[in-house]
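Structure first, then comments.
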Amino acid sequence: MVEANRSGQMIAVRPLGMALSAFLAISYILCIVGYLVLPGIPVKHEALSIFLPGFELLSWRTFLIGLLESYAWGWYVAVVFTPLYNLFSARR
């Protein structure tokens, strides 16, 4: 349970984790769809491999790996960011 601080601005990990994970997963899917629909656009989709180990363009296996890793990154950010935000906002 998350308690509110003096200003009432505490962030809960679960909704933030779900929102960030969904955002990153949708962004990843849009990136891959963009590559498939418009392969000539000057965007380096290979750069995804920097943040998504094992990602390569393009097979079903690596697509699913990238999707799962995108989802996991959202939870990582939420788990690290939420306590930091709550700590610093409580000190105001």
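Each reported figure results from applying straightforward, stated rules to the coordinates on display, with no laboratory input. Keep in mind that what you see is a predicted model, and the values were worked out from it rather than measured. Note that each Cβ is placed from the backbone with ideal geometry, even for glycine, and that neighbours are counted across all protein chains shown.
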So if each residue of separation counts as 0.36 nm, and I subtract the Cα-Cα distance between residue 56 and residue 88, what length gain in nm does that give? 7.6 nm
Determine the calculated [θ] at 222 nm for the chain from helices alone, applying -39500 (n - 2.57) to every DSSP H run no shorter than 4 residues and normalising by the residue count; nearest 500 deg cm²/dmol. -22500 deg cm²/dmol
With springs connecting C-alpha atoms under 10 Å apart, model the chain as a Gaussian network and identify which of 19, 47, 78 has the largest mean-square fluctuation. 47
With Cα coordinates, the longest principal axis of the chain makes an angle with the long axis of helix 60-90, in degrees rounded to 10, of 20 degrees
Binned at 5 Å starting from 0, the alpha-carbon pair-distance distribution of the chain in whole percents comes out as 3, 14, 19, 17, 13, 10, 9, 7, 5, 3, 0
The answer for GluC sites (Glu not before Pro) in the stretch 30-80 that fall in a DSSP coil and have at most 14 neighbouring Cβ atoms within 10 Å is 56
Helix 13-37: angle to the longest alpha-carbon principal axis of the chain, degrees 0 to 90, nearest 10? 20 degrees
Taking the Cα centroid of the stretch 25-47 and of the stretch 48-81, what is the distance between the two, rounded to the nearest whole Å? 14 Å
Residue among 40, 54, 74 with the largest mean-square fluctuation in a Gaussian network model of the chain, springs linking Cα atoms under 10 Å: 40
